[in-house]
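Okay, structure first, notes after.
What follows is calculated from the coordinates using simple rules that are stated; it is not laboratory data. This structure is a prediction, so every number in the text was calculated from the model and none was measured. Here the Cβ is made from the backbone with ideal geometry for all residues, glycine too, and neighbour counts use every protein chain on show.
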Amino acid sequence: MLLKLQWLTDIFDWLHHNWERTHVQRKVALVIFWIYVAALCCVELKRQGMLPPALAQLTPHSHFSAIQLAFTLILGLEVMSLIFIISTSFSRSVGKQFEILALILLRNAFKELAHLPEPVSIAGNLDPVIHIAVTALGALGIFVALGIYGKLASSYAYIQSPEMRMRFVISKKLLSLTLFVIFLGIGIRDAWIHIHTGEDMRFFETIYTVLIFADIALVLISQRYMPSFHAVFRNSGFVIGTLMMRLALSATPPWDTAASLFAAAYVLALTWATRYFRPAALRGPQLPASSRETEHLPPSYGKVPEATEPREGVLYGKPHLEAWRQRRKNREAALPVAREECVFGAAERRARRTMPRPPAGKKKAAN
């Protein structure tokens, strides 16, 4: 059944590939910049009474609202990237959640600027400044947690069969494609209602609710291909961590920052625990102690070179799997030759370094 839906995953691959292109990201960043400049101009024109009444109703009165608009667009781009990353792995998805959480806290800090008068003055109104300081420190804490998580996080080969891994990747890509369609649908609906009524539709809160159900669906899909206790506990724990991150966004300051930091600490503790107490089957092989005969050889000497296995982020069909198996057989057959070349090549290089070189003058005369 899944193999019949590969044409949908081809659409997803095309969308993901084009979205991750460098020139596309640069163009999107340029569009956000000009939207920011246009928002500043519209606010100033409204203050001068030069905007049409229909457009003036949709334009805020504070220039700081343009900053909030720019960060809202950046946050939307990060959510889009999160939807695409869901098809790769749990660990990368959680890392992207950290990035989004840090951006949301920064966006909330800029939202507090709208409560300040223009020109800026904090006399008699320190609450926005306190909220900005607490939220900014929370974003910094999430950034530090993201760096620690990047050093702790690791992927495990729970699925040994390439065919099963291919089916798992197809399932995740179909889920990501469904989320992409929902994201566009909710965005178009909320934008239409906001333009015609001026009502704030709380777009991101709706998207986060959808992502919660998507995470649960991803855990259930993963259990079919990774039924081991370690995998189920790790994936379910990550979902609990992301759930706490999203629930923290609905709290009022400063509790939203405190809940976000607690969620980040929980994810870090879970990542360390699942890495330290991983099963023996997921641990790498122990290298033998080096001897005089092999200490000059690379660490991979004496081992069968592993051909590149299908990755979770790439769609592999049956022709790709057959080609991968053939490359593996060819490398195993060439192992004795590779060992001999490794040993004699090193000896030959040492001999060449010890050979005396002829003087430069005699070499030119011989030529």
On the first, second and third principal axes, largest extent first, how far apart are the outermost C-alpha atoms of region 139-186 in Å? 39, 38, 7
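By counting other Cβ atoms within 10 Å of each Cβ, how are 131, 230 ranked from fewest to most? Let's see the in-between values first.
Details: 131 20, 230 16.
Least crowded to most crowded, the residues run 230, 131.
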Using a simple charge model, +1 on the beta-carbon of Lys and Arg, -1 on the beta-carbon of Asp and Glu, nothing else, what dipole does region 42-138 show about its Cα centre, in debye to the nearest 20? 200 debye
So how far, in whole Å, is the C-alpha centre of region 190-236 from the one of region 91-146? 24 Å
If R0 is 45 Å, what FRET efficiency do you get for residue 186 and residue 122 from their C-beta distance, rounded to 0.05? 0.75
Using a Förster distance of 56 angstrom, determine the FRET efficiency expected from the C-beta separation of residue 258 and residue 327, and round it to 0.05. 0.60
Please compute the modelled spin-label separation between residue 25 and residue 229, points set 7 Å along Cα→Cβ, answer in nm with one decimal. 4.1 nm
Once phi is turned into θ = phi - 60°, what whole-Hz ³J(HN,Hα) does the Karplus curve with 6.51, -1.76 and 1.60 give for every residue of region 143-156, x standing for Gly and Pro? 5, 5, 4, 5, x, 5, 5, x, 7, 8, 5, 8, 9, 10
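Write out the trypsin sites (Lys or Arg not before Pro) in region 241-283 meeting two conditions: DSSP loop, and at most 16 other Cβ atoms within 10 Å of their Cβ.
Values: sites: 246, 275, 283; in loops: 283.
When the trypsin sites (Lys or Arg not before Pro) of region 241-283 are filtered for loop state and at most 16 Cβ neighbours within 10 Å, 283 remain.
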Among 32, 142, 188, what is the fewest-to-most ranking by other Cβ atoms within 10 Å? 188, 32, 142
What ranking do 195, 159, 148 get, fewest neighbouring Cβ atoms within 10 angstrom at the top? 195, 148, 159
